[in-house]
Every structure is written in structure tokens, then in C-alpha cells.
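Remarks on the structure that follows.
The values are calculated or read from the model by the stated rules, or taken from the named source; none is laboratory data. Remember, it's a predicted structure, so these values are computed and weren't measured experimentally. Cβ: placed from backbone, ideal geometry, glycine included. Neighbour counts: every protein chain shown. Surface accessibility is based on the protein's heavy atoms, side chains included, excluding ligands, DNA and RNA. Shrake-Rupley method; radii C 1.70, N 1.55, O 1.52, S 1.80 Å.
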Amino acid sequence: MTARGFIVAADRSGAGKTSIAIGLMRAFARTGLAVRGAKSGPDYIDPGYHRAATGHAGVNLDSWAMDPAFIDRLTARQAAGADLVIVESAMGLFDGIPAAEGRTGAAADLARRLRLPVLLVHDVSGHSQTAAAIVRGLAAHDAGVRIGGVVLNKAGSARHEALARDAIERIGIPVLGALRRDPGLTLPERHLGLVQAGAHAALDAFIERLADAVENALDLAAVKAMAALLDPAAGSAASALPPPGRRIALARDAAFSFVYPHMLEHWRDEGAEIVPFSPLADEGPDPSCDICWLPGGYPELHAGRLAAAANFRDRLAAFARTSPVHGECGGFMALGEALVDGAGVAHRMAGLLGHTTSFAARRINLGYRQARLAADCPLGRAGATINGHEFHYSRMVESGGDAPLADLFDGEGRPLGPAGARRGHVTGAFFHAIARG
């Protein structure tokens, strides 16, 4: 294996690491390198931008939800045939949950395990020389995590940049570039994070602008030289979720798009065929499939169109009479009786489960989840533990009385009570499955 890699991280969310990571991916790809992207943590959206920037599928590497052997396996797969792998951190470099060493979910776990240096993106918009104290603290916090260089972001002027640059370089850490404040380089957001890559107008032109900005502001040769040889162990996919069927009808459109790349890759590796369909186009699952999977997404933004999709609803109901149907988060919402949109209007959903969810009565639910399955279902056998994540603002306003799918615990093992629902062949829950526990 000849791939090299590094991690793009920051001290906090909002520092600009996603824009800079995407710009670096495209900038290096334009030089002829085979570039691959990866995302630390359970984020669904950034891997789509990584694919758009590099032309290759991204991958999630989650040190809490995935055992170390699975991370090694996914990293080795991503590095195969690549010259450069750029891993984008979630939140701050050391942000995770209290857990066993190396299993916190923080990007620092990946830096330590994969022996990758960190390119630290530091937003200097509110200070100058103080940047050195912050960088010094990050560099000294964990001896197993090396800051290979710093990128200053949102510098206000040449003088501002020089003050921060000189202070940081005096502590022995190189500054490899600086970008000025430019709102035009900010990725658009909505309630679950960034607007998805497929919904971004003129996406390729935008990524080209990011690459131009990065090329002009950063020393790409120095960034490349900072990267370390990426040589993970072969690893194992033993904890991967097995394909729930041989032919999987997968809802795939603007309302249902949150599918982890590593899941689809593993299902295909195991011989499963993915058969996509679009509920928004009033399509139903192919009846020749042996399971239907409704992933998360944004059904709350398309509730009217889903309510009008009578063919989708009828074909889904017919499918569910004989074969399993499973919904995650947005897919779970669509399986209920009704969905109340942000304006407070109730829309008819599939009615295969009895609950009603509301985006008008918003309440954030966010965090790692351990699910102990109460019955056999597409996620596994009764009693099995599934590691996953939950992030949604919609909430259940009517439970519907169906039997729960699982007993839920947070990432630290605290019980959260029964969760999800099951009725006949139909199951669903708000949590997204990542790997077997």
C-alpha cells in the first residue's frame, strides 16, 4: 500500500474544516493524484461532498460505533488504489463521549490508531496571537496525536494573518496557509447540517472555487509532504451489518438519502443487489425484492408530495403483506399514520405503523445509541445489540400502540427506554444503524 493520508480537524465546529477539506480533495485531484475522502463519525452528508470532490465514494470511520478491526478494514479499502486519503474530523479534534480508550468517537482516536498527522484548521476571526496558545494546547493534549501543520481561516488582513502566523510558528508548528474571510466559500446549511451535495446548485463549480481558494492560500507541496504513510492492518468486517436480503428495494431520492456508504458497499460485497426506487416519483418497491429499506432523509420537507404518492403507498402496503419493510428515522416517519410538517399541517403517510410524528413540535435528539433488539428484524436477531446514532428534530406526538422494536441506551450505556415500532413485517425506529455491537 502506497497511499498517504492526514486528518483535517479543528478545535470546534464551524471553523471551516469541511470547506477546506473539500477544497484540498479537489485541488490534489487536479494535480493527477488519486484522492479519497473519509469522515470521522456518523455524518451522512459530508461523504457525498467527498464523492463530488474526488469522484470516488467516501466512507465513515467511527471509533465508537465500529470496532477497531472494522475501522482498519474500511481504511484499507479506501486506501487501495489511492495516492492520498484525506480524513475530515467531526466537531473538534478531541470531541467524543466518555468511553474506553480509542473508542470515544473523536477524530483523535483515528489519528492515534492510524498514525495520521492532523492539519489543524484554526478560525482566527476573533483573535490573533492567542491562536498560538490554543494550538499549543491542542498539540500538547495527547502525545499520540501530532499536529503536522496549521491552516489559518477567516483572517481579516495581511497584518492579522502575520500576527497569528508568527505566534504559532514561534512554538514550532508550521503554518501551511491562510485564507481570508469570504462568505462565498461557506457551504449552505439547513436543520440537519449541510445541504446535501445532490441538492447544492452548481455543485461542481462551487467545489472548483474552493479548490482555487485552497491552491492560492495553502502550500500544497508542504501539505502533501506532511501526510504520513497509511498502512492499516487488514482488519475485519465481522461487525458489519449483514445484508438484510439478496435483493434490497432501497428508497432513494431527496426525501430518503441517508445511507452509510460502508453499509451499501458491504451488502454488495456479500452478493446483495440494491434496487433503488423513488417515493417522491410515486414509485414503489420492486415486488421481486425480498426486503424494502426506507432510509432517513428529509420527508418533513416533502410531506405533501409523499401524501399524494398513492401508488407508492399502495405498492408499499402490498409489499409489506409478505415481505419485510424497515424504516430508519425519516423512513420510520414515513411508515407512520401521519407526519406534521413545519407549518403544522398533517399529511397522510403509509399507515403501516401507528405513530404520528411532527416537525412543527421540534425537539433535538442527538447522540450515539445502543439498541438491543426486542424481536427478529432486518437489523438482526432478537437480543442482538446494534450500535448507531440518532439526530433529528422531529418527534413522535402519537405513539400508535405498536410493539417496540428495541430497548435503547445512549452511548454511555444509560437506558433510554423502549424505542421504535414493529407490526407484522414492518419495523422502524429513529436511530440509524452503523454496525453490530
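Report whether or not GLU398 is touching a residue at least 40 places away in the same chain (Cβ under 8 Å), more than 17 Å from PHE332 (Cα to Cα) and open to solvent by 50 Å² or more (accessible area, probe 1.4 Å). Answer is no for this residue. Listed here are the strands (runs of 3 or more DSSP E) enclosed by the range 95-189 that have at least 3 residues being over 25 Å from ASN60 (Cα atoms) and in contact with a strand residue (DSSP E or B) (Cβ under 8 Å, 6 or more places away or on another chain): 147-155, 175-180.
Can you find a residue in the range 342-352 that is in contact with an Asp or Glu (Cβ under 9 Å, 6 or more places away or on another chain) and modelled with pLDDT under 95? Scanning the range 342-352 turns up at least one residue that is in contact with an Asp or Glu (Cβ under 9 Å, 6 or more places away or on another chain) and modelled with pLDDT under 95. Whether a residue is of a type in the set (A, V, I, L, M, F, W, C) and either more than 19 Å from the chain's Cα centre (by Cα) or part of a loop (DSSP other than H, G, I, E, B) (or both) was assessed, and MET66 passes this test.
Within the range 19-53, which residues are open to solvent by 20 Å² or more (accessible area, probe 1.4 Å) and under 21 Å from ARG4 (Cβ atoms)? Hits for the range 19-53 are ARG26, ALA29, ARG30, THR31, GLY32, LEU33, ALA34, ARG36, ARG51.
Restricting the search to the range 326-374, which residues are touching a strand residue (DSSP E or B) at 6+ places or on another chain (Cβ under 9 Å) and among the β-branched types (Val, Ile, Thr)? Once the filter is applied, which keeps residues that are touching a strand residue (DSSP E or B) at 6+ places or on another chain (Cβ under 9 Å) and among the β-branched types (Val, Ile, Thr), the range 326-374 yields VAL340, THR356, THR357, ILE364.
The condition of being at negative phi, open to solvent by less than 30 Å² (accessible area, probe 1.4 Å) and more than 23 Å from the chain's Cα centre (by Cα) holds for only one of LEU379, LEU373, that being LEU373.
Scanning the range 401-429 for residues that are under 24 Å from CYS292 (Cβ atoms), crowded, with 18+ Cβ neighbours inside 10 Å and hydrophobic (A, V, I, L, M, F, W, C) returns LEU405, ALA406, LEU408, ALA419, ALA421, VAL426, ALA429.
Residues that are among the aromatic types (Phe, Trp, Tyr), within 20 Å of the chain's Cα centre (by Cα) and at pLDDT below 95: does the range 242-258 have at least one? Yes; the residues of the range 242-258 include at least one that is among the aromatic types (Phe, Trp, Tyr), within 20 Å of the chain's Cα centre (by Cα) and at pLDDT below 95. For the residues GLY351, GLY344, the requirement of being out of contact with any Cys (no Cβ under 7 Å at 6 or more places or on another chain), open to solvent by less than 30 Å² (accessible area, probe 1.4 Å), assigned to a loop (DSSP other than H, G, I, E, B) and over 20 Å from ILE434 (Cβ atoms) singles out GLY351. Scanning the range 228-241 for residues that are part of a loop (DSSP other than H, G, I, E, B), surrounded by fewer than 15 Cβ atoms within 10 Å (Cβ to Cβ) and at pLDDT 95 or above returns SER236, ALA238. Evaluating ALA52 against the criteria (1) of a type in the set (A, V, I, L, M, F, W, C); (2) assigned to a helix (DSSP H, G or I); (3) modelled with pLDDT of 95 or more leaves one unmet condition, (3). Looking at the range 256-320, the strands (runs of 3 or more DSSP E) lying wholly inside it that each contain 2 or more residues that are open to solvent by less than 10 Å² (accessible area, probe 1.4 Å) sit at 291-294.
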